[in-house]
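Step one of this worksheet: look at the structure below.
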Amino acid sequence: MTVDREQLLAAVAQSPKLVAAHDRAGWCGLFAIDGQINDPVGSRPHEGRAAIERFYDTFIAPNQLSFGVEHDVVCGMSVMRDLSIMSVMPTGLRINVPMHLRYDLVEENGALKIRRLYAHWELPQMLVQQLTSVQGWWTSLQLTPRLLRHQGAVGLFGFLRGLSGRGRAGKRAAEALLAALGAGDAIGAAALLAEGCALEVPFGTKVALPELAAGLRGMAWRKLIGAGDYASATVQIGPRRGVALFGFDASPEKIASLQVFV
């Protein structure tokens, strides 16, 4: 199957349409047989059709979700989407969540399917929005039993794993690296990288640090997000807009991988 950029974007565009229509079978059917959802990144993954259906019943079915898509980047068989999602809960509570959403697609029986979905957003910030009003507390009281009903105790604690990880603390290192690369400072950038750090710009293409620093001079950035063991940022490199993804292993002070979807 020969796949072009427009086909990948069309496949990804089905997700918000089916969510808005509350089409459970259609949305779950977007995923490959071994499909996996990481939402938010750092929480326990939902893998396989049954788990994806339970994810839908827990987080999508009760709510009205609208996708404010700002920009899409296609790299190979992956689409990185820069967006925010507005969620209107059954109680009427409205929560806006800034996000970077990565779809890894695969061909399955002649059709494009989502093999992996990675939603980079900050669970602590969402909970702060939720718990600053009586309406928000009432929403939480409804969500916990629903989580237990569809996900069980293991799923509840798996969801709360999204509160941990090195990504949020690593935002400081990510911001420092962005500043160094934007200034063309390869020496300053090197001090922030772990030994053996993989650099991919664009995603899937390995580059050396001096080449990277020269190519990203003048880069601007905003919307820095920490989720699980990753940080992500919206970047502007001349006329090109994309998303930088920073991975952390042993320490949030050293960046183990950098992938720029641009």
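Rule-based calculations on the coordinates, nothing more; no lab input. Keep in mind it's a predicted model, so treat the numbers as computed, not measured. Glycine gets a Cβ as well: all are built from the backbone with ideal geometry, and neighbour counts include every protein chain shown.
Close Lys pairs in the chain (alpha-carbon distance under 22 Å; sequence gap of 8 or more, or different chains): 5. Over all pairs of different C-alpha atoms, segment 1-73 has a mean inverse distance whose reciprocal, the Kirkwood radius, equals 13.4 Å. Calculated [222 nm] ellipticity per residue, helices only, for the chain: -10500 deg cm²/dmol; basis is -39500 (n - 2.57) per DSSP H run with n ≥ 4, divided by all residues, nearest 500.
With the simple spin-label model, which puts each label point 7 Å out from Cα in the Cβ direction, the R222 to D23 separation comes to 3.4 nm. Here is the P(r) of the chain: all C-alpha pair distances, binned every 5 Å from 0, give 1, 6, 12, 17, 18, 16, 13, 9, 5, 2, 0 in whole percents.
Here the average projected area of the convex hull drawn through the C-alpha atoms of segment 140-180 stands at 3.8 nm². Taken along the Cα-to-beta-carbon direction at a fixed 7 Å, the label points for E6 and L127 span 4.6 nm.
Pop out the Kirkwood hydrodynamic radius of segment 66-199 from its pairwise C-alpha distances, inverse of mean 1/r, in Å to one decimal. When all Cα pairs of segment 66-199 are included, the Kirkwood radius is 18.1 Å. Taking a sphere under 14 Å around the Cβ of I33 and counting the other residues whose Cβ falls inside, with K and R at +1 and D and E at -1, yields a net charge of -1. Radius of gyration (Cα atoms) of segment 132-262, expressed as a multiple of 2.2 N^0.38 Å: 1.30. Mind telling me which of S133, S164, S84 comes out most flexible in a GNM of the chain, alpha-carbon contacts under 10 Å? Result for the chain, Cα springs under 10 Å: S133 fluctuates most. For segment 167-215 and segment 1-79, what is the separation of their C-alpha centers, rounded to whole Å? Between the Cα centre of segment 167-215 and that of segment 1-79, the gap is 30 Å.
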